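Data block below; observations after.
The values are calculated or read from the model by the stated rules, or taken from the named source; none is laboratory data. Just so you know, these numbers come straight off a predicted model, no measurement behind them. Ideal geometry is used to build each Cβ from the backbone, glycine not excepted, and the neighbour counts take in all protein chains shown.
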Amino acid sequence: MRYPFPVGKSDFIQGDEAIARAAILAGCRFYAGYPITPASEIFEAMALYMPLVDGVSIQMEDELASMAAIIGASWAGAKAMTATSGPGFSLMQENLGYAIMTETPVVVVDVQRGGPSTGQPTLAAQGDIMQAIWGTHGDHSLIVLSPSTVQEAFDLTIRAFNLAEKYRTPVVLLTDAEIAHMRERVYIPLPGEIELVERKLPANEEEAKFPFGDIHGDGVPPMPIFGRGYRTYVTGLTHDERGRPKTVDAEVHEKLIRRIIEKLERNKMDIITYDAFELDDAEVAIISTGIVSRSAVRAVKILRERGVKAGLLKLNTIWPFDFEMIEELAEQVKRIYVPEMNLGQLYHLVKEGANGKAEVELIAKIGGEVHTPMEIVERVVG
């Protein structure tokens, strides 16, 4: 196949453009969205590329419909994605819950901006961390990834599609306005260099009868495709292994919800990725994610130059969260700092993980300005 952008070499592109190209190479062939700053460039790129690879890009009437459309496309067999920012992401929460309950593999990109409400449409923020993890109602789980560079935006988009298909779950790519609009050199691999995970389909008619049954014991049921000869019942109601509603059966509900959560929890070591810098002998740890990590890397270098044994843990996966790893780190260091562009969201996860083994301090900053390295340094050295 000929792709509508260069492959097998580097290109100097925006973060939003990198996400769109990665989605195409990951096999995404259906995009539904609604324009919103600072995610609109993803929509524009997908509208350009999709017809050239026999895909579909469609503008829906709003974000609720966009989320519904990609769920339907996924059940029709397509790898599907949407992209939005904070206000639109809020509108998607009900259907995001539907995707979790129906175990529908989709990718949702949230390019964060300052909020609440219309907030700061053109400025970056990290205020959607809690919304990404717990925004929809009820007990649930999903996967949340967070890039800190344009290359990572590309790489984690492909990973998002792979994880969605492997674990039959929605995956949120949580980026921000800075990464979305900055330009960096990105290596675009040849399609043959990219490892892709394809959907696990029923092997036969009998397996297709149980679209929500743990047939293979791995917690991930094979997913029938609408229109391919199987009768499949899909509902957001509590349902049994055949998909039939069982709304007043406590045993059925607990079995279903626990499986949806545990299929991710017991595989979290496969899902979670992070980068560690200078942590081996660290006495002070900085834990960050996304755009702030760029300043945190420099802050660690400055602190080392000043004789402070500092290290950085950069989280590329925000959920599932490795609480055990944080506790181990807390046992090693004296203090942990969490710089983030909100008033404390990742901080609460880190503090819970530290379990009192080390002091955890928040370095909060809002208003659309990313922390400078010296702002982090000054908080650490007092």
Does Glu207 count as touching a residue at least 60 places away in the same chain (Cβ under 8 Å), surrounded by 13 or more Cβ atoms within 10 Å (Cβ to Cβ) and out of contact with any helix residue (DSSP H, G or I) (no Cβ under 6 Å at 6 or more places or on another chain)? no
Taking only the range 175-204 into account, find how many residues are exposed (fewer than 13 other Cβ atoms within 10 Å of the Cβ), part of a loop (DSSP other than H, G, I, E, B) and among the charged types (D, E, K, R). 2
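Can you name every residue in the range 269-282 that is surrounded by fewer than 17 Cβ atoms within 10 Å (Cβ to Cβ) and in a helix (DSSP H, G or I)? Before you say what the answer is, go through the steps one by one.
So the first thing to find is which residues in the range 269-282 are surrounded by fewer than 17 Cβ atoms within 10 Å (Cβ to Cβ), and the list is 269-270, 273-276, 280-281.
Result: Met269, Asp270.
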Taking Gly97 as the residue in question, decide whether it is free of Cβ contacts under 8 Å to residues at least 24 places away in the same chain, surrounded by fewer than 20 Cβ atoms within 10 Å (Cβ to Cβ) and within 23 Å of Gly236 (Cβ to Cβ). no
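Of the residues that sit in the range 237-268 and are among the charged types (D, E, K, R) and without any contact (Cβ under 8 Å) to a residue 24 or more places away in the chain, which one is surrounded by the fewest Cβ atoms within 10 Å (Cβ to Cβ)? First the steps, then the outcome.
Restricting attention to the range 237-268, the residues satisfying the condition of being among the charged types (D, E, K, R) are 240-242, 244, 246, 249, 251, 254-255, 258-259, 262-263, 265-266, 268.
This time we only want the ones that are without any contact (Cβ under 8 Å) to a residue 24 or more places away in the chain, so: 244, 246, 249, 251, 254-255, 258.
On the way: Arg244: 12, Lys246: 18, Asp249: 14, Glu251: 8, Glu254: 12, Lys255: 17, Arg258: 13.
It comes out as Glu251.
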For the range 191-240, enumerate the residues that are over 27 Å from Thr136 (Cβ atoms) and among the small types (Gly, Ala, Ser). Gly192, Ala203, Ala208, Gly217, Gly227, Gly229
Working only within the range 140-162, note down all residues that are closer than 12 Å to Leu25 by Cβ and acidic (Asp, Glu). Asp155
Is it the case that some residue within the range 296-311 is modelled with pLDDT of 95 or more, assigned to a loop (DSSP other than H, G, I, E, B) and within 22 Å of Gly356 (Cβ to Cβ)? yes
Here are Gly86, Gly135: which of them is surrounded by 23 or more Cβ atoms within 10 Å (Cβ to Cβ), assigned by TED's automatic domain parsing to the domain that holds Ala39, within 24 Å of Pro339 (Cα to Cα) and not hydrophobic (A, V, I, L, M, F, W, C)? Gly86
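Given Ala124, Ala80, which one is in contact with a helix residue (DSSP H, G or I) (Cβ under 7 Å, 6 or more places away or on another chain), buried (at least 23 other Cβ atoms within 10 Å of the Cβ) and over 22 Å from Ala26 (Cβ atoms)? Full working, then the answer.
Details: Ala80 fails: over 22 Å from Ala26 (Cβ atoms).
Just one listed residue meets the conditions, Ala124.
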Please determine whether any residue of the range 221-230 is in contact (Cβ under 8 Å) with a residue 24 or more places away in the chain, in a helix (DSSP H, G or I), over 27 Å from Arg2 (Cα atoms) and not β-branched (Val, Ile, Thr). no
Hey, among Ile376, Ile336, which residue is in contact with a Phe, Trp or Tyr (Cβ under 9 Å, 6 or more places away or on another chain), under 17 Å from Leu303 (Cα atoms), at pLDDT 95 or above and surrounded by 21 or more Cβ atoms within 10 Å (Cβ to Cβ)? Ile376
Residues (farther than 17 Å from Ile42 by Cβ, in contact (Cβ under 8 Å) with a residue 60 or more places away in the chain and either out of contact with any Gly (no Cβ under 7 Å at 6 or more places or on another chain) or not assigned by TED's automatic domain parsing to the domain that holds Gly33 (or both)) located in the range 105-131: Pro105, Ile129, Met130
Per the filter on the range 333-382, residues in a loop (DSSP other than H, G, I, E, B), under 25 Å from Gly307 (Cα atoms) and of a type in the set (Lys, Arg) are Lys334, Lys357
In the range 8-40, which residues are farther than 18 Å from Leu156 by Cα and free of Cβ contacts under 8 Å to residues at least 40 places away in the same chain? Pro35, Ser40
